1. Over the Cα atoms of region B:78-200, Rg to Rh with Kirkwood Rh, two decimal places?
2. Estimate the FRET efficiency between B:A97 and A:E438 by the formula 1/(1 + (r/R0)^6), using the beta-carbon distance for r and 51 Å for R0, to the nearest 0.05.
3. Need one number: nm distance between label points at A:V111 and B:R66, each 7 Å from Cα along Cα→Cβ, rounded to one decimal.
4. Residues of A:296-308, mean number of Cβ from any other protein chain within 10 Å of their own Cβ, rounded to a whole number?
5. Starting from the alpha-carbon convex hull of region A:237-308, give the projected area averaged over all orientations, in nm².
6. Please report Rg over Rh for region B:94-144, where both radii come from the alpha carbon positions and Rh follows the Kirkwood definition.
7. Between B:E335 and A:A206, what FRET efficiency comes out of the Förster formula 1/(1 + (r/R0)^6) with R0 = 56 Å and r the beta carbon distance, rounded to 0.05?
8. For the protein assembly as shown, what is the mean residue ellipticity at 222 nm derived from helices alone (per DSSP H run of n ≥ 4: -39500 (n - 2.57); sum divided by total residues; nearest 500 deg cm²/dmol)?
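The values are calculated or read from the model by the stated rules, or taken from the named source; none is laboratory data. Everything numeric here is computed off the predicted structure, so don't read it as measured data. Ideal geometry is used to build each Cβ from the backbone, glycine not excepted, and the neighbour counts take in all protein chains shown. SASA here: full protein model, heavy atoms, side chains in, ligands and nucleic acids out. Shrake-Rupley method; radii C 1.70, N 1.55, O 1.52, S 1.80 Å.
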Number of protein chains: 2
Amino acid sequence: MAGVKPLERAAIVAVGSELLTPSKIDTNSLFITEQLNLLGIDVTSKAVSGDDRTELAHIIRHVLGRVDLVVLSGGLGPTDDDVTREAVASVLGLPLAEDPDITTRLRARFVARGYPGPMPEINRRQAMVPAGARVIENARGSAPGLWIDHEDRVVLLLPGPPRELRPMLTELVEGSLRARSEGKPVVRRVVRVAGLIESHVDEALAPLYREWERQPIPIAATILAAFGSIELHVSAKAVPARAGEALDAAVAQVVATLGDVVYSTDGRLLEKVVGDLLVERGLHIGIAESCTGGLVTSRLTDVPGSSRYLDRAVVVYANDAKTELLGVPEALLIEHGAVSEPVALAMADGIRIRARAEVGVGVTGIAGPSGGSPEKPVGTVVIAVSTDVVSGFPGRRSAKREGGSRTVRTFRFHGEREHVKLQASNAALDMVRRQLMEKGSGGRG
Amino acid sequence: MAGVKPLERAAIVAVGSELLTPSKIDTNSLFITEQLNLLGIDVTSKAVSGDDRTELAHIIRHVLGRVDLVVLSGGLGPTDDDVTREAVASVLGLPLAEDPDITTRLRARFVARGYPGPMPEINRRQAMVPAGARVIENARGSAPGLWIDHEDRVVLLLPGPPRELRPMLTELVEGSLRARSEGKPVVRRVVRVAGLIESHVDEALAPLYREWERQPIPIAATILAAFGSIELHVSAKAVPARAGEALDAAVAQVVATLGDVVYSTDGRLLEKVVGDLLVERGLHIGIAESCTGGLVTSRLTDVPGSSRYLDRAVVVYANDAKTELLGVPEALLIEHGAVSEPVALAMADGIRIRARAEVGVGVTGIAGPSGGSPEKPVGTVVIAVSTDVVSGFPGRRSAKREGGSRTVRTFRFHGEREHVKLQASNAALDMVRRQLMEKGSGGRG
């Protein structure tokens, strides 16, 4: 694209009156920023407009004077309060006309989904296109995106639902947007850490931060605490190969400093790391959950292909369920209480044996808000992991040696019910990860 | 404040370069919106600026022309990249001067906190005040807030850390801001709908929208599609009692129009509605999940007190798990396949009987990305609900009459694995809700 100024500065505009209420926030801009940064395009401002043609037009006019690229998300639906197309067309002085190809696709989509009756006529609004705009197909929804060249600048309209916006933008970043950028991306890596708090991670890494600032390719670092897990984001802006090398070195320093609390340096979530370890080692897992109510299993089955290592799991809230489904002795429940290390271990053993798996997990605790006591307050969670595998990991259902290892830990989590569940599910997955790592690296059998 | 125009429209501007990265988002605006709405002040736009004097000045100049109140958060720290004071002063043409009282307080605070040595001179930047501004004390941090009257308008500068911003704004809402507002808060209600798509809801409600606009207390409505569920947000601006009445009437019209697809008009999520119905009717539920992998159970156990109606649930990925844990006949699995209506029904019956519950749920399907076939593509999910209760709902474990009702439906969901799981969990919870509602309203037994 000789002669065309590369895109360097972008503004993101989110459209939707709900984003101006106390309960909804624009999160698309995080993904959009990440994607644009891949091409070295900086986001220099963000704005949110309600479903108001005049207000939105004002915002577009304002940002258009200050950036090379305007990315709008939302307001492309079929209803009257979807105003993005009209606002953009009016600011750029472009007439809107119905694109019959889009209408045809909309009707076909309506029929394919088995909705009753003909497509409401109102949906044809989604086929309106400003003159000269390029239509970007939406594989997952009805609203197509639009790419508009305006002098040296680009105005991009994307649908609001993240699952529609994300693949469309990803494709543009690999194609049309890449062709218009100068190719010095901001490269980022994410290091994920389990079982430490933010300020401890920060303290441990402080000397590295100072070193990174003075490097030929400086590295910026941000720590985020998210859902009971810590994420360290490191980034560098340079040609990709050099930025990548600098970041690889930085990530290696972090791992050397923090050790095995680091569970992922390549973007994988904890459930995926655990799933991958199970597949690698040819193992199966059985899960018995009380206070987490199925969350550990649900997270593990979010991973495609999880049926390779998970056959079954149980949620055992009641004591008789623990006894009937897992063989936890009644006497144990009476003597120690349901939230206790002996019971968690019996749950882990019980599900492992009954699921004919090599790894068993038992989670029992008090998620709250009620049910706590002075000795076992709300947030007390006991997690056990039981394995019957020996070094070398024999295949499933092969001759088994009992006497594999068993680990149990008692945690005290803080926060509301859902937050306790989430932290407990992190801890359970992380205990499985550690158990498997230990085995994989030589093993104690 | 006779003669002064009340504050009606506000813009929120968050300042901070970190808010323009892929990992941080401005959340202060949610709290600010909630507080302003209490006074009937609408937020008509939001913006985020980096720590860039020129860019921020542009944004302030732009929004100042369109609202009565500009609330800025952040950029009041002591360092060079804290630019909010300078940007505001330059836009409003006000000279900046050091306020010696602030400097004194800053020095005292420094000593009180036991920091070593004298206060760095750079911290005196926080004592710079635009001429005519009123200083708002910050009980929890060093940066004071600033209130600036500009013609009929108000520009408010608040510190970025939420724990500093919140008490300052709360106090202003009770004092100076209340005195400048007309005192008609924005009241909101949320109506939640299952099993319909956005455009159908919109089409059905279009006549109501038109009626609401012309009412003495007009009602604004926004439709949101979120997680396979539809939310209708309605709001009115009036003295609270009158707004509440108008909204109650509007919500009743929506329910009359849409019927029993409306599952909540009081903010409750679907899992809470189902949990409440189970408690009301004194029933217990057993859940058997295949493709949803525990998500239905996890959502239901997000509700505090769910142990009152849930004793146990099972995740049965493998066929032998379905047979062993639920008694699904092997012959049925072979003849119809695991994803079939007879199997879903057998799962629902099996868990209901084995959990000694009155309601059983079976979910089986293909979450993807692999495992689909031409007849049963990815996204095919079969859900069954089985009950053995009769009208009047006898207590649990009382003499049971077999021959309760059984419902089974086959769905075709679209999207990725996690999205299919989520939609399937919505559909399962909604089928339970409908079954219980039917029973509750007279019942067929």
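1. Reported Rg/Rh (Cα atoms, Kirkwood Rh): 1.15.
2. My answer for the efficiency is 0.20.
3. Those two pseudo-labels are separated by 4.3 nm.
4. Shielding by partners across A:296-308 averages 6.
5. Dividing the Cα hull surface by four gives the mean projection, 7.0 nm².
6. Looking at region B:94-144, the ratio lands at 0.98.
7. Calculated value: 0.30.
8. Helix-only estimate at 222 nm: -11500 deg cm²/dmol.
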